[in-house]
Amino acid sequence: MKRIYQAQNPLLVWNARRVVEAAGIRCMIRNEFAGGASGLLSPLDTWPELWVLDERHTERALKALAESEHADAEGADWQCPTCAETNSGSFEICWNCGR
Ligand SMILES: [Zn+2]
C-alpha cells in the first residue's frame, strides 16, 4: 500500500480515486470519516488520503492524476460547430471564425 494523494476536501480525494480507478488501478480512501476527530489529531492526520493497493502501480497512478489535473486546468479540446475547426480548451471562442 502506498499513499499517493491527500487533500483537506474529501471531494478532491474522491475525484482522485475516480481518476486512478479509471486508469485501471485499485485504490482506497483512508481517513474519509476522521474529520470529527480533528480536535485530537493534527489537521494533516485527519485529511482523507488516497492509497494505491499495489505499490507497483504508484507511478502510473501519479501520472494519471497529473494528467487529470492538467486536463482540468486547460479544458478539453473542442470542435467549433460553425467551421468544424478544432480549438484548444483554453480558447473560449473559435480561433478560426471567431464564433
Ligand atoms: Zn469556427
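So which residues in region 47-82 are within 12 Å of the ligand (Cβ to nearest atom), in a loop (DSSP other than H, G, I, E, B) and surrounded by 13 or more Cβ atoms within 10 Å (Cβ to Cβ)?
Start the filter on region 47-82 by keeping residues that are within 12 Å of the ligand (Cβ to nearest atom), which leaves 78-82.
Next cut, in a loop (DSSP other than H, G, I, E, B) only: 80-82.
80 - this is the single residue of region 47-82 that is within 12 Å of the ligand (Cβ to nearest atom), in a loop (DSSP other than H, G, I, E, B) and surrounded by 13 or more Cβ atoms within 10 Å (Cβ to Cβ).
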Seminar exercise, completed: Checked pairs for region 10-21, first without any contact (Cβ under 8 Å) to a residue 60 or more places away in the chain, second not aliphatic (A, V, I, L, M), C-beta under 6 Å and 6 or more apart or across chains, list as 10/48; 13/48; 16/5; 17/27; 19/68; 20/27
For this session: Go through (1) more than 16 Å from the ligand (Cβ to nearest atom); (2) outside any helix (DSSP H, G or I); (3) modelled with pLDDT of 85 or more and name the single condition residue 40 misses.
Result: (3)
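The values are calculated or read from the model by the stated rules, or taken from the named source; none is laboratory data. Bear in mind the structure is a predicted one, so any value in this text is a computation, not a measurement. With ideal geometry, Cβ positions are generated from the backbone for all residues, glycine too; neighbour counts draw on all protein chains shown.
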